[in-house]
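So the structure is just underneath, and the comments pick up after that.
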Amino acid sequence: MEYLIHIAILVSIYSILGLSLNLVVGEAGLLSVTHAAFYGIGAYATALLLTESGMNFFLAMLIGMVITGAIALLIGAVLSRFDGDFYALGSLGFNVIVFSILLNWQSLTNGPLGIPGIARPSLFGFSFESNTSFLTLSLVLLALVWGICTLITRSSFGRVLHAIREDEQAIQVFGYTTTYYKLVIFVLSAMLAAVAGALFASYITFIDPSSFTVNESIFMLSIIILGGLASHRGAVLGAAFLIILPEALRFAGFPTDVAAQMRQVTYGAILILLMLYRPQGLLGEYRL
Amino acid sequence: MSLLETKKLVKKFGGVRAVDHVDVRFEAGMLTGLIGPNGSGKTTLINTLTGLLPMDGGTVVVSDNVALHAVRPTSIATYGLTRTFQSVRLFEQMSVLDNLLVVLTERNVWGALFERHGKYHLDTAEDILKKVGLWEKHHELAGTLSYGQRKLLEIARAVSMRARVYFFDEPFAGLFPEMRKVVSAILHELRENGAAVVLVEHDMDLIRSLADYCYVLDSGTVIAEGAPEAVLKQANVIDAYLGK
Ligand SMILES: Nc1ncnc2c1ncn2[C@@H]1O[C@H](COP(=O)(O)OP(=O)(O)OP(=O)(O)O)[C@@H](O)[C@H]1O
Ligand SMILES: [Mg+2]
């Protein structure tokens, strides 16, 4: 049971990552390969605030979101001038930079040794120490993020994102300064990724840079491509599928290290099969 | 009154001047034909005027009072310009209705984030879609429409802009006769309402019946201008079309 709760918590965290990444990739059609950087910045900001000042988790998470948003604003100001392949490559570059900062700015991040002893959240004297209560918290935050994503995609703003995805130059001609739209959705998406980062840090109670590599960004992309771009349900389905799959492989009798490697191969194989047979993903309707 | 005017406008592709010191004027309440053989620079002129291509020289004057030496695509709507594309550019994976709503709603980023389209937007979109006979299809994706329907939807999108100057780049090409009637009626109505309507068209009968004035382009230069009847009789115009 404890094990199932553990899996469910991970699925919730990755669902938040999928939902938020979908805003940029699925809705606006911008192939961002830097989501793990914001996940990481959110995790580190929350972890440092918690361990250094002992402030409340929720306050730390909110401050972490603001910090992540500010950094995303700087990165997005550069990225939003690009589209297509340049956007993908540029964003990948930023992930690499953020990762090496997390790794090398030892005085702040403690480098490769990471940050141990991160406290579990508590609110009004109630502690989310047990995994069951932590799962509840994760699900509540997932629901909130889902709601925010729904509001965004159903607004006039969301429709403009779709038009940017379809033909950015055409929608510019109708009076939209698309750079601002791309920048705002990039920042919002990063701030929501920081929520996942905060959850992750206080759930595992330890973080190090290895959780926030380009590989991790690609894993998040796989989640939404598998589940279906621009589909909220798809993001959750994709997260569940890709988190549970390697566990299932383990249960199928493969030793842990083989399962870990099979996991990489399976992601690759799934992506290739999808591109061949269902490029819009399981639940999605759109193609990039 | 002139709503848009160019002075010695130049657009080069490498060494080739696709638009070569062009002077044209588009007047309120007039339908101006833009004709010329294939490759004469009609689309390039429109693309330059709407900021899709950077201009390489000359001036664009909006409403007799704003002189521009560069046009950005994002600002043409504020100058009251709108257009269709010769190569039909719809938002393919969006519904027919959304293709119109997106040009009717809030432009400001924060405004748009906290706005959902209202009844007013829906009613306007419905009116315009009914005019082009696409209301029944409003839930379908634009990408699933037939070629003619796609052209009509593009025209509807331009009309939704309530612009002052409309560029229609071959709106009749590939349309069935009944659709052509719909398009003619729309162009007429825009003109009656005081807009400057610019029409690129290869069918000279249409130009004769619709245009008040026309410019003939050849190799990027204006070789003739005036009332269509007179212009189409000129020897140099006939030569240009025959490729002499
Ligand atoms: N993006 C481009 N790059 C290079 N050359 C171009 C480009 N677009 C157009 N041209 C060239 O500029 C010239 C004018 O082309 P344009 O498309 O404006 O002609 P047009 O009058 O619209 O022709 P048509 O009646 O066939 O639509 C042509 O020689 C064309 O090959
Ligand atoms: Mg053309």
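For the pair the stretch B:108-123 / the stretch A:63-134, the C-alpha centres are spaced 33 Å from each other.
The distance from the alpha carbon centre of the stretch B:148-213 to that of the stretch B:1-75 is 19 Å, rounded to a whole number. Work out the charge dipole of the stretch A:2-212 with +1 on the Cβ of Lys and Arg and -1 on the Cβ of Asp and Glu about the Cα centre, then indicate which of A:Ser107, A:Ala201, A:Gln169 is farthest towards its positive end. Going by the charge dipole, the pick is A:Gln169. Taken over chain A, the convex hull of the Cα atoms encloses 127 Å³ per residue. Considering only A:Gly18, A:Gly84, A:Gly64, the Gaussian network model of chain A with Cα springs below 10 Å gives its largest mean-square fluctuation to A:Gly84. Residues of the stretch A:167-190 buried by at least 30 Å² of accessible area upon assembly of all protein chains, compared with the chain on its own (1.4 Å probe): A:Asp167, A:Gln169, A:Ala170, A:Gln172, A:Val173, A:Phe174, A:Gly175, A:Tyr176, A:Tyr181, A:Val184.
Computed with a 1.4 Å probe over protein heavy atoms only, the accessible surface of the protein assembly as shown comes to 42 Å² per residue. Only Lys, Arg, Asp and Glu carry charge here, each on its Cβ (+1 for the first two, -1 for the last two); on that basis the stretch B:91-162 has a dipole of about 180 debye about its Cα centre. For the chain pair A and B, the interface hides roughly 2700 square angstrom of accessible area in total, found with a 1.4 Å probe. For B:Thr221, the residues 5 or more places off, or on other chains, whose built amide H falls under 5 Å of its own are B:Asp20. By the Stokes-Einstein formula, at 0.692 mPa s and 37 °C, the protein assembly as shown with its Kirkwood radius over alpha-carbon pairs has D equal to 127 µm²/s. This model, with +1 at the C-beta of Lys and Arg and -1 at the C-beta of Asp and Glu, gives chain B a dipole about its Cα centre of some 400 debye. Past the 30 Å Cα-Cα mark, which pairs from B:Lys11/B:Lys130; B:Lys11/B:Lys151; B:Lys8/B:Lys181; B:Lys12/B:Lys131; B:Lys7/B:Lys130; B:Lys11/B:Lys137? From B:Lys11/B:Lys130; B:Lys11/B:Lys151; B:Lys8/B:Lys181; B:Lys12/B:Lys131; B:Lys7/B:Lys130; B:Lys11/B:Lys137, over 30 Å: B:Lys11/B:Lys130; B:Lys8/B:Lys181; B:Lys12/B:Lys131; B:Lys7/B:Lys130; B:Lys11/B:Lys137.
Using Cβ point charges alone (K and R +1, D and E -1), the dipole size of chain A about the Cα centre works out to roughly 340 debye. Phi angles across the stretch A:187-192 convert, under the Karplus curve 6.51 cos²θ - 1.76 cosθ + 1.60 with θ = phi - 60°, into 3J(HN,Hα) values of 5, 4, 4, 5, 5, 6 Hz, Gly and Pro given as x. Using just its DSSP H runs of length 4 or more, each adding -39500 (n - 2.57), chain B gives a mean residue ellipticity at 222 nm of -10000 deg cm²/dmol after division by all residues. Structure remark: mean-square fluctuation, Gaussian network model of chain B, C-alpha springs under 10 Å; the largest value among B:Thr43, B:Thr144, B:Thr78 belongs to B:Thr78.
Along the charge dipole of the stretch B:91-162, which of B:Leu101, B:Val132, B:Gly143 sits closest to the positive end, that is, farthest toward it, with unit charges on the beta carbon of Lys, Arg, Asp and Glu (+1, +1, -1, -1)? My answer, from the dipole projection, is B:Val132.
Per residue of chain A, the DSSP helices (runs of n ≥ 4 H) give a summed -39500 (n - 2.57) that works out to -25500 deg cm²/dmol at 222 nm. The residues neighbouring A:Thr51, those whose beta-carbon lies less than 14 Å from its own, together hold a net charge of -1 under the Lys/Arg +1, Asp/Glu -1 convention. Note on chain B: GNM, Cα springs under 10 Å; of B:Leu31, B:Leu53, B:Leu122, the largest mean-square fluctuation is that of B:Leu122.
Among the residues of B:72-79, the average count of other protein chain beta-carbon atoms within 10 Å of the residue beta-carbon is 5. Counting charges near A:Ala259 (Lys, Arg +1; Asp, Glu -1) among other residues having Cβ under 13 Å from its Cβ returns a value of 0.
The values are calculated or read from the model by the stated rules, or taken from the named source; none is laboratory data. Worth saying up front: this structure is predicted, and the values here are computed from it rather than measured. Because the Cβ atoms are built from the backbone with ideal geometry, glycine has one as well, and the counts that use them run over all protein chains shown. Only protein heavy atoms, including side chains, enter the accessible area calculation; ligands, DNA and RNA are left aside. Shrake-Rupley method; radii C 1.70, N 1.55, O 1.52, S 1.80 Å.
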